[in-house]
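Input: a single structure, listed below in C-alpha cells.
The values are calculated or read from the model by the stated rules, or taken from the named source; none is laboratory data. Quantities reported herein were computed from a predicted structural model and do not represent experimental measurements. Heads up, the Cβs are rebuilt from the backbone with ideal geometry, glycines too, and the neighbour counts pull from every protein chain shown.
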Amino acid sequence: MGQAWSIAGQCIATMRLNMETTRLAPSPTGALHLGNARTFLVNWLLARQKGWRIILRIDDLDGPRIKQQADQAAMEDLAWLGIDWDQGPVYQSAHREIHHQAIERLVNGGWVYPCTCSRKDIELAASAPHATDGATIYPETCRPKNAQPVITAQPSALTPDWRINGGAALRFITQDQPLVVDDHFAAGQVYIPRRQLGDFVVRKNDLLPSYQLATVVDDQQMGITQVVRGDDLLDSTPRQILLYQALGWEKKIPQYYHLPLVVGTDGRRLAKRHGDTRLSSYRQSGVSAGRVLELLARWCGLRLDRPLGCAADLLEQFDLTKLPAEPMVFTESDEAWLRRGVW
Ligand code: GLU
Ligand code: ZN
C-alpha cells in the first residue's frame, strides 16, 4: 500500500502502481458538477488505494455538443480537488484511425449491417419496448433475414457505398443468448441482448464511431482493466462486452464498478434545473475544495472527524462497501451547508 500526506497545503499520494489501469473520462460537453465529481472521486480513491494507474481521457467525440475549453476546465476542477492522474490527457478524437480499423473488422466479420432508418422512423416503427436505459429498441427494420455473424462472411460481395461514404449507420447484430454482466458495486445482471438492448449503432451515418464502439476500442488500446462510472451507463456494459467478444478481445474485458448517481430532490439526475452545482461556480464564489470534498465524502457514506483539504485526505478512510447503493440526493440544505461561511 502507498500512503498519502499533505505538506504545506500540497497533497501528495504516493503509490506503487501495479498492472491495473483505470481512466478518468470526462466528456467536454459541459462543466463538471457535484455528481461527476463524486464519481471521479470514488474512481480516484479506488485507484490510489489499490495501486491502479490512472489515465485521463477526454471523451471528445460528441461533435456538436463539445464546448471549447471544457477539457481544460475539467482538468482544473479535478486538480482543485486534488484528483491527479499518471498519464494523459489522451483525446479520443486522436484515435479515429483505430476506431475505423475496428469498424472494418466488424464489417469483415459480418457482425454489422447498414441501417438507413431515421430516428423518427424508429420511433414510429417501435410501438416498441424500450431498453431499461430508456433507449428505443431498434425494430430490426434493416436487419438482414437470418442475420448471424459468421467469421467467413463475404462483405466484399456487398461492396456498397455505405462502407466508405456513410449515409447509413452500422448496427451490431445482437443475439438471443443470455449475457451475464458482473459488477463490483452494482448488482450483476443477465441480459438477453436482442430482446433487451436491440441491434445498436457502432458507426453513425456521418461515419463517426458511436460511444459504445469508441469506448471499447480506446479502453482496449489504453490497457484499461478497471472501469468506474455512473450507473446510467449500466446498460452500455453488455453492448460493450459484445463488442469486446466480436473483436476478439474477450480477455481484455475490464472489471466494472457502476456507481449510483447524484440526483436532485425530484429524483432526476443532477443537472442545471437543480441550480448551479458546477465545481467552478463553488470555487469562484469562495467555497473551499475541502468543503466540497466533505459533502462528497458524506455521499460516500463516510463520517468525518476532521476537516478535509484535498482528496488524498480520504484515502485512509474510504471504503467502497460503505458507499450507499441508492442514488444520493442533493438537497437545498446541502447547498446551504456548502456555501455557509461564504455568503
Ligand atoms: N465520458 C463518459 C461520461 O462522461 C464516460 C464514459 C465511460 O465511462 O464509459 O459519461
Ligand atoms: Zn434501419
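Among the residues of segment 22-53, those identified as away from ligand 1 (no atom under 13 Å from the Cβ), of a type in the set (A, V, I, L, M) and touching a strand residue (DSSP E or B) at 6+ places or on another chain (Cβ under 9 Å) are Leu34, Leu46, Ala47. Residues considered: Lys252, Lys204, Lys272. Of these, the only one that is without any contact (Cβ under 8 Å) to a residue 60 or more places away in the chain and within 22 Å of Leu61 (Cα to Cα) is Lys204. Note on segment 213-224: residues that are part of a helix (DSSP H, G or I) and crowded, with 21+ Cβ neighbours inside 10 Å amount to 7.
Among the residues of segment 174-192, some residue qualifies, meaning at least one is within 16 Å of ligand 2 (Cβ to nearest atom), within 26 Å of Trp249 (Cα to Cα) and either modelled with pLDDT of 80 or more or in contact with a strand residue (DSSP E or B) (Cβ under 7 Å, 6 or more places away or on another chain) (or both). Cβ separations smaller than 9 Å between residues 6+ apart or across chains give the following pairs from segment 285-296 residues that are under 12 Å from Gly35 (Cα atoms) to residues that are of a type in the set (Ser, Thr, Tyr): Val292/Tyr282. When Asp77, Asp59 are checked against the criterion of being acidic (Asp, Glu), surrounded by 19 or more Cβ atoms within 10 Å (Cβ to Cβ) and out of contact with any Lys or Arg (no Cβ under 8 Å at 6 or more places or on another chain), a single residue qualifies: Asp59.
Applying the set (1) at pLDDT 95 or above; (2) outside any loop (DSSP other than H, G, I, E, B); (3) more than 16 Å from ligand 1 (Cβ to nearest atom) to Val228 leaves exactly one unmet item: (3). Inspect segment 242-262 for any residue being at pLDDT below 95 and aliphatic (A, V, I, L, M) and give the result as yes or no. There is no residue in segment 242-262 that is at pLDDT below 95 and aliphatic (A, V, I, L, M). Scanning segment 179-215 for residues that are in contact with a Phe, Trp or Tyr (Cβ under 7 Å, 6 or more places away or on another chain) and over 23 Å from Asn18 (Cβ atoms) yields Leu179, Val181, Leu197, Gly198, Asp199, Phe200, Val202, Gln212.
Scan segment 268-285 and tell me whether some residue there is within 12 Å of ligand 1 (Cβ to nearest atom) and among the polar types (S, T, N, Q). For segment 268-285, residues within 12 Å of ligand 1 (Cβ to nearest atom) and among the polar types (S, T, N, Q): absent. Taking the options His99, His95, name whichever one is under 18 Å from Arg171 (Cα atoms), within 16 Å of ligand 1 (Cβ to nearest atom) and surrounded by 14 or more Cβ atoms within 10 Å (Cβ to Cβ). Going through His99, His95 in turn, the sole match is His99.
Out of Asp206, Asp231, Asp182, one residue alone is surrounded by fewer than 18 Cβ atoms within 10 Å (Cβ to Cβ), farther than 25 Å from Val107 by Cβ and not aliphatic (A, V, I, L, M). It is Asp182. Against the conditions (1) in contact with an Asp or Glu (Cβ under 6 Å, 6 or more places away or on another chain); (2) within 16 Å of ligand 2 (Cβ to nearest atom), Ser210 satisfies every one except (1).
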